[in-house]
Structure formats: structure tokens, C-alpha cells
Ligand code: ASP
């Protein structure tokens, strides 16, 4: 018998119908011992997220305005779920207590956390499982960072004391005993730390998509799902803009060697995407794992003849960048050129000063800043072994008439990054996708 921790996102628990799907999923596998719910999310694109409404209540209360209209909207959502599922939870008392606390200035974190708290209580009632308040098991230190050691110890003991439990996501307890939340989307983190605390076999993250896709569906129509991705690959893809999980939800499970399985609550028959450590058993049918990218980068190009033999040149260029408080993203370099890639907005208003400082410190032949660059990362653990990956990639871009302005292949050999004009971003992404992912490109 194994142990699974299952986190369900806001859209998976947005109304009674979704609650029913969640119950079915949970009860279909006795290994699912712990469930981590988010607050109810949107039921349609124009709907409100409960967390947003709670933040709004707090804002209104803090500015001395009446929050009743918004608070009643929140109450109505929970009451509807409870009524549709015939639950016996005393929502009136709970809601009144929360209304009073927010009005008395309990603060934004407390207010926002109540979305998960109430949803957790309703879900526990519906499942007949124990409710554990995350305030009793998730701890932050005096600096406001997660206290991993204490959480690991105390949450582990707490969860083990219950055969089946509901642990609301998104919040915990700060060093003064007050409720504190993670950043937005933080229920993912609670799920990951619960999985680690229990040394679970798998961390299931249930959402409303089939898993990670090989490319952004807003750019490539119906991209293929990724069946298996390593934590390292996912890091490279999410850095480049593919967003699946909260960034901080990766670390605890990766550290503990626990795989994460992204699943779709609305299609539980789909296997979803497994994010794991070792990928050996999962031979992908394509030689790449995914493509992700981002617009609005700039390249700082510094040229100097015989740069390679000048001691400290690179350090001085980076010093100039550091002095302006700019952090850089990549640094692909040639013999006599250094290219530093930065986010466009990181150098906004600083260009002149930066160029002047590089001139002063490094006496280069030229310094130029080129804006409007998009970066596209083609990521795949299989690249190391597959021959001709870069030839196929550049061929595809050439055929699509796209000018490549920068190439950077990380030393991990899992990632080839190309820089193209912002305007070519979508076409280049589609060209790369077609080159690697059409059915006849299977290995
Ligand atoms: N409910 C919180 C949010 O909307 C946390 C989460 O859903 O993960 O950000």
C-alpha cells in the first residue's frame, strides 16, 4: 500500500458538481490519504475567484468601507455548495466569525486564507474525512520564509495521526502565531510539502488541463501532451514561460525524490504528466520534451578585438551591469564578443548610463543594445543522444524564413535557446514544433 497526496485546484472545487468529481476520484484509490483543496475558483470565465473576493473584503474593511455586499457573495457561494451536497456544516457561525475578524482588522493574509479554510471544512464534511487546520502544521519563520524543518516534523506527525485528512492549501502560521499565506497559487506548495512530510509515493496535482503540453496552446493548435518530464526539464520550460505549477512547489518534492503527477479532474481517465527525477523508464516518443518561450528581451553586445586575452574583461562588463542593479538571464559569448541577455524592462531607463559605464570600465570597440528579442527554448533530455537535433531546428527556422539573432546551448545539453525578433516569436515556435512533433517525426 502506498501513500498519495492529492491537491485540487480552484476550478476543480468551484461548485457542488466539481466536489462530486473530486470525491469520486479520491474514493477510487484508497492510497489517496491526504487531500489539499484550493479555494473555489471560477465556474466560468466571467466568474469571481473566492480568494479575490476575500482580498477585496479586506481592502474594503481596511479603508473603512462596507464589505457586506462582497462578503455576502462569498457566503452565497459556500452556502450553495453546502446545500447542493446536503452538508450539515454550520456555515452561519463560521461565516459570522470570519466577517467579524476581517472587520476587526485581521489582515489580508487571514482574509485570503479563509477561502481554502472554508472549502477544506466543507470537503471534509462531504468526504467524512478529518479536517486539519493548516495553521497547526505549516510554519513560517521570523523572516516570513517557510520553516521547512519544523513543518516537515510537525506536519508529518499530524498527518500520520489521521488515516484520511483534508489539509487546506495556501496558508500556515507565522512566527507570532498568526495566519500567513504563500504567494498566489500557493496551494500547490502546501500539496508538495504535505507529500514530502508524509514521504508520499506520489504528489498528485489535479487541475483543469490534461497536464503539461509540448508547446503553448495559444500558439500551437492542440499541442501534444507531455507524458513524462524531469524536474530539470520542467525548470527550464517554466523559466521560459510555461506555467504549470507554482515555482516553489517543485523544490520540496524534487528534494525528496517524489514524482508529481499533473492530472485533469474533468478527465480522470487521462494519465496526465508525470514530473520525475529519473526518466529512464519513460522513453519519450519524440526527441524533444517541450518548447517554451518569452518575448521582450534585449541583448547587450560588447565587442573588443583580442577580448579573449584580456584578463578581467568579462568581470568588468558584468560589474557595470551589476552596478545598475540589473540581473542578466544568459550570456552566450564569442571570441571577441560578449552578449548579455536581459529582460527589456530590467534596463528600461538605464541604457545610457549602462553603456557609458561599460565604456569607462572596459574600453570596448563597440557596445550596442538590441531590443525586441524573443527567446525560445527547445528542451529535451533526449537531445544528448539524438543526432542532428540542432540541424533540424535551424533548418526549420530557415525554411520558415526566420532570422536567428542568437543561439545559446546550455552545458546541460538539454536545452537549445534561440533568440528571434519579437515579431517572429509565434511563427518560430510553430516551425520548431512542426519540425519535432508531427507524427512522422516520432523516433
Ligand atoms: N486560492 C489561492 C489563490 O487564488 C491559492 C491557490 O489557489 O493555490 O491564489
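Points to keep in mind about this one:
- Separation of region 332-360 from region 216-259 is 30 Å, based on Cα centroids.
- The distance between label points at residue 327 and residue 143 comes to 1.4 nm (points 7 Å beyond Cα on the Cα→Cβ vector).
- Taking the number of Cβ atoms within 10 Å of each Cβ as an exposure proxy, the fewest-first ranking of 11, 88 is 88, 11.
- Here r is the Cβ-Cβ distance between residue 69 and residue 335 and R0 is 56 Å; the resulting FRET efficiency, rounded to 0.05, is 0.25.
- In a fully extended conformation the segment linking residue 426 and residue 17 would gain 143.5 nm over its present Cα-Cα distance, using 0.36 nm per residue.
- Solution diffusion estimate, µm²/s, Stokes-Einstein, region 226-304, Kirkwood Rh from C-alpha pairs, 10 °C, viscosity 1.306 mPa s: 110 µm²/s
- Helix axis angle, 389-399 relative to the chain longest principal axis, alpha carbon, degrees: 80 degrees
- Computed label-point distance, nm, for sites residue 356 and residue 84 using a 7 Å Cα→Cβ extension: 6.2 nm
- Mean shadow area of region 349-443, taken as a quarter of the surface of its Cα convex hull (nm²): 8.2 nm²
- Degrees, to the nearest 10: 187-197 long Cα axis against longest axis of the chain: 80 degrees
- Multiplying the residue separation of residue 243 and residue 93 by 0.36 nm and subtracting their alpha-carbon distance yields 50.2 nm.
- Take the Cα of residue 43, go 7 Å toward its beta carbon, and the backbone nitrogen atoms of region 82-107 under 11 Å from that spot belong to 82, 84.
- Debye log10 I(q)/I(0) at q = 0.11 Å⁻¹ for the chain, Cα point scatterers: -0.96
- Counting only Cα atoms, the size of region 1-148 along its three principal axes is 53, 40, 30 Å, in decreasing order.
- Fewest-first sequence of 20, 233 by Cβ atoms within 10 Å of each Cβ: 20, 233
- Bridge type composition, the chain - antiparallel percent by DSSP, nearest 5: 65 percent
- Taking every C-alpha pair closer than 8 Å and separated by at least 6 residues, the mean separation divided by the residue count of region 304-443 gives a relative contact order of 20 percent.
- If you plug the beta carbon distance of residue 224 and residue 164 into 1/(1 + (r/R0)^6) with R0 = 56 Å, you get a FRET efficiency near 0.95.
Bear in mind these aren't lab numbers, they're just calculated from the coordinates by the rules spelled out. Quick caveat, the model's predicted, so the values are computed rather than measured. We place every Cβ from the backbone using ideal geometry, glycine too, and count neighbours over all the protein chains shown.
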